[in-house]
Every structure is written in C-alpha cells, then in structure tokens.
Amino acid sequence: MSRDASFDPALHRSRRQRILDALGDGLLLLPTAAESVRNGDVLHEYRPGSDFHFLTGFPEPEALLLAFRTGKARHHSVLFVRPRDVEREIWDGRRHGVVGARRRFGVDEAFAFGELWRELPRFLAAHRRVFHRLGVDPAFDRRLFDLFGAQARRDRRRAPPAHPVLEDPLPTIAAARLVKDAAEITSLRAAAEITVAGHRAAMAAARTGMHEFEVQAVLEAEFRRRGSPRNGYPSIVASGANACVLHYHDNDRRMRAGDLLLIDAGAEIHGSTADVTRTFPVSGRFTAAQAAVYRVVLRAQLAGIAACRVGAAWDAAHKACVRSLTRGLVELRVLRGGVGHLVRASRYKPWYMHGTSHWLGRDVHDVGAYQSEAGAPQRLRAGMVLTVEPGLYFARNDRRVPRALRGIGIRIEDDVLVARGKPQVLTASAPKTIAEIESACAGV
Ligand code: GLY
Ligand code: MN
Ligand code: MN
C-alpha cells in the first residue's frame, strides 16, 4: 500500500496556499460534509467533504477550515473540530480533538466547533471579502448573514462596505483539483491497482448460478483486503440484459449460462477513487455474437484513449468513440449508410446514449469545468485524469437490431492520466482483450 498522503501537513499547507493565492485576499470558510441519517439513530457511513479533505486531510465530521493569506507565500489557517469527549468517544470512537487537530494537521490554530460563532466575528471584521459557498447548509448561511448584518449595524457610519462581499470559492478549488498534484496521482495509481485486482478476482470467481451480489462481495472483499476502506461509488454488477440499465444497482439477479456480466466498480483510497468497467462471460467464453459486439466496443475505446492528448479538447475521446462505434454498428448490421452521415445524424444514440468521459479524482465524477465561460471545450493538460468508457446496449426487446444481439450490453472503462507524449492508462493491467478476459475468467 502506498504512503497515506492524507496526513501530510506540509502537503495540505501548500495546497491551502495555492488556493488562497488563487482566490486573493479574503477569508475562506470551508465546512466539511455533514453527517446524514440512514434511519432512526443510524447514520450513513461518513466520508469527509472532498474539498475540505483536499485542503486539510482532516477526517472527522463537524469540522470547518478558516484560512486567509497573510502575505507572500504565507497564510493563517484555523480548524474548528469536535473536542475530545470521553463519554462520546466510548460510543463513536476516538477524536483528534482541538490539540490533536493543531499538532497533527499543521494548522496555526484550532478551536472546538461549538466556538465557531464566537470566534468568527473578529475574523470577519478583518476582511473585505469572504469566500463561502451558499446553499449547502442554509442554517449556516443564515447565521453568517446575521453576523454580516450585525457588523453592518455596528459599522453603519463607516464608508461602505460595512460588511464583507461574499464570493464562491468552489470554482477556484475545482480548477486546482482538475490538474492532479503528485500526491493525488500516487493515490489514483493505488486506487487503480486495487480496483484492477478486484475486477480480476470477480472474473475468476463468477459462475453460472451465483447471484450478482455474490460476485460483488468477492470484488469488494479484494478492495478491502488491499487497503481500500470503501468504494468510490456503489458497484454496478449487472448480468445479461441488466447491463443495459446504465446505473443498475439491484445486483440481485441469479446469473445464467451464457450471460455476460458487466461490472462497473472502483476502490477509493487516500480520498481518491478509480472507475473501471469490464464486461466478461459468466461461463468463461464469449459467444460469437458477444465477441463481435465486444470487439466493436474495444476498438472504439482504444481510439478514445489515443485521443486523450495534451492540447486536445476534453471531448475528443467522445468524438473518436462515436465515430468508431458507428462504424461498428454498420458492421453489426444495426445501421446502414455512410458513417459520416450517421454520426452527424446521431443515429448511434439508441444504443450509445451516454457520454464517453468525465473527470476523475476524489469524486468519481470529479470537479472541474468542461468548458470555458465562452463555451469553448476544456483543453487537456498534463495531470488531468479522465475516464474513457464507450459501450453498446441492445435491450432484450429491441427489434431494430439483429436477434442475436438483443440482450447484450457491453461497456469498457479505463482511467487515463493525460501526460506529455502518450496518455497513461492507470488501469491498463485490467484484462481487456477477449483472450485476456477469457484467461482471467479461467483464473489464469
Ligand atoms: N461509475 C460511474 C461512471 O462510470 O460514470
Ligand atoms: Mn465513469
Ligand atoms: Mn464507471
């Protein structure tokens, strides 16, 4: 397992500096994610907010980062956290507490979360701009505006502005997260390696007669065994025609001989996730019709990956995949006509209805703009990571396609690091050719 970057205070300090320099002078307020109730007194598994964790590495709920620049290459950062509490820690586990937060996470000051509203006015009074995203926690927003109002009433004789201007910091943080730093690339490589191992284990374990969730258990056990504490998103384990349901989550069908099994799953580690899809035959061998469709999707995916070059538009992979898939649909006798015309008329859409790529990082659909404010597509730069995930989905009752293809759904998804020269496929060791997949299904 690679080094856990999430506890490196110097790394997080340098990330904070980078964001504060990009935002300019002002006070950044960044709460972590809220806990959410599953039922009664049971909470959903907790995961810190991605932006908050990116800038602090702090894992506990009920926490907030306050930070501001104090000069060139310097800043002041404050964490508000849950205080130590002997009684609560018996029930919920150990907390870092105020002292631990300051010592371990490299911030300048730390306070108990309950002191936030008492401490905030003196910080607010010293800044003309406040960076805070509205709408996530309306109760927080109301209290913040109450403080603004109090400041305005108190300073009513001062030349405007009596209270700070509010700006949204999240686009600036998203732009920074779009180009991954060295520590995030290390985490993504670790996530990719673990994810590939899980997919391999699933291929070796799947058998006719098993339920989809049994294969899911094998896959996720391998993720956990290799150090991933959770998935980056709920695993899609879709056999037969279930593969045509893009966000299938029931995972409860019993698999039959001759089925394909589509697994879209990614392990999270050190805050980053992989996102991999493989489709393989439950009985170990592709039928002729399945292999024909598989080859079409694979050829498109390779064309898409080759398009992920520095300077290319972010959707160059989509365009390459669409052209290649459309050619394949003609070869499979689903469409007739010239490929150029069929692409322009979007005739592939009934069987390829989703996009080909999204940014990948801490979030499976990671933050970062896809186009400029003027509408120009984002250009790829070294250090960006995106998926390439073409597929074809022929529903069981689709009379527009040859009978032999009905009920076949195939997607192939890899994670691509844009680099100078050729794109790097972080998930390249996952079996992908028909021969590699049939070997992996045989446990070789
Ligand atoms: N696993 C979600 C996606 O591929 O976008
Ligand atoms: Mn994806
Ligand atoms: Mn996926």
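What follows draws every value from the coordinates through simple rules; no lab data is involved. These numbers were taken from a predicted model, which means no experiment stands behind them. When we count neighbours, we look across all protein chains shown, and the Cβ atoms used for this are built from the backbone with ideal geometry, even at glycine.
Report, largest value first, the span of the C-alpha coordinates of the stretch 230-373 along each principal axis, in whole Å.
48, 45, 22
If each residue's Cβ is checked for other Cβ atoms within 10 Å, how do PHE113, PHE394 rank with the fewest at the top?
Ascending Cβ contact count within 10 Å gives the list PHE113, PHE394.
What residue among GLY240, GLY227, GLY375 has the largest mean-square fluctuation in a Gaussian network model of the chain, using Cα springs under 10 Å?
Comparing GLY240, GLY227, GLY375 in the GNM, the peak value goes to GLY375.
When Rg is the radius of gyration of the Cα atoms in the stretch 293-444 and Rh is its Kirkwood radius, what does Rg/Rh come to?
My calculation puts Rg/Rh at 0.99.
Please list, ordered by chain and number, the residues whose modelled amide H lies under 5 Å from the amide H of PHE111; skip anything fewer than 5 residues away on the same chain.
Answer set, sorted by chain and number: LEU79, PHE80, VAL81.
Could you work out the relative contact order of the chain, using alpha carbon pairs under 8 angstrom and six or more residues apart, expressed as a whole percent?
14
Would you grab the residues whose amide H sits under 5 Å from the one on ASN231? Only those 5+ places off in sequence or on another chain, please, with H modelled 1.01 Å from N.
Hits under the 5 Å cutoff: GLU268.
For the chain, what size does the Cα cloud have along each of its three principal axes, sorted from largest down, in whole Å?
For the chain, the Cα extents along the three principal axes come out at 79, 53, 40 Å.
Taking the Cα centre of the chain as origin and charging only Cβ (+1 Lys, Arg; -1 Asp, Glu), how large is the dipole, in debye to the nearest 20?
1360
Looking at ALA320, LEU417, ALA110, which one has the Cα that reaches farthest to the positive end of the dipole of the chain (charges on Cβ: Lys, Arg +1; Asp, Glu -1)?
The one lying farthest along the dipole's positive direction is ALA320.
How do TYR248, TYR352 rank when sorted from fewest to most other Cβ atoms within 10 Å of their own Cβ?
TYR248, TYR352
Order these by the 10 Å Cβ neighbour count, fewest first: LYS180, LYS72.
So the ranking, lowest neighbour count to highest, is LYS72, LYS180.
Under 30 Å Cα-Cα from LYS72, which lysines qualify once same-chain neighbours fewer than 8 residues away are excluded?
Reachable lysines: LYS180.
Just to be sure I follow: if Rg is taken over the C-alpha atoms of the stretch 163-249 and Rh is the Kirkwood radius over the same atoms, what is Rg/Rh?
Rg/Rh for the stretch 163-249 comes to 1.17.
Lys and Arg at +1, Asp and Glu at -1: add these up for the other residues within a Cβ distance under 12 Å of ARG381 and post the number.
Charge balance near ARG381 sits at +4.
Restricting to the stretch 68-224, what percent of DSSP beta bridges are antiparallel, rounded to 5?
30
Treating only the Cβ atoms of Lys and Arg (+1) and Asp and Glu (-1) as charged, compute the dipole magnitude of the stretch 122-189 about its Cα centre; round to the nearest 20 debye.
So the dipole magnitude of the stretch 122-189 works out to roughly 420 debye.
Between PRO83, PRO377, PRO138, which gets the highest mean-square fluctuation from a Gaussian network model of the chain, Cα cutoff 10 Å?
It is PRO138.
What share of the DSSP beta bridges in the stretch 1-156 is antiparallel, in percent to the nearest 5?
70
If every alpha-carbon in the stretch 43-174 counts as one equal scatterer, what log10 I(q)/I(0) does Debye give at q = 0.18, 0.22 1/Å?
Per q value, in the given order, log10 I(q)/I(0) is -1.15, -1.52.
What FRET efficiency would be calculated for the residue pair ARG154, ALA435, taking the C-beta separation as r and a Förster radius of 51 Å, to the nearest 0.05?
In this case the efficiency is close to 0.10.
Per the helix-only calculation at 222 nm, which mean residue ellipticity applies to the chain, given -39500 (n - 2.57) for every DSSP H run of n ≥ 4 and division by its residues, nearest 500 deg cm²/dmol?
Counting only the DSSP helices, I get -11500 deg cm²/dmol.
Going by Cα centres, the stretch 224-300 and the stretch 164-223 are how many Å apart?
Here the two parts' Cα centres lie 14 Å apart.
In µm²/s, what is D for the stretch 1-118 at 37 °C and 0.692 mPa s, where D = kT/(6 pi eta Rh) by Stokes-Einstein and Rh is the Kirkwood radius from Cα pairs?
The calculation lands on 219 µm²/s.
Choose one answer from PHE105, PHE68, PHE123: the residue with the largest mean-square fluctuation in a GNM of the chain with alpha-carbon springs under 10 Å.
PHE123
Once Lys and Arg get +1 and Asp and Glu get -1 on their Cβ, which of ALA204, VAL179, PHE140 lies farthest toward the positive end of the dipole of the stretch 132-215?
Comparing the listed Cα positions along the dipole, PHE140 ranks first.
Roughly speaking, what % of Cα-Cα pairs in the stretch 290-354 are separated by over 21 Å, rounded to a whole number?
20
DSSP beta bridges in the chain, what fraction antiparallel, as a percent rounded to 5?
80
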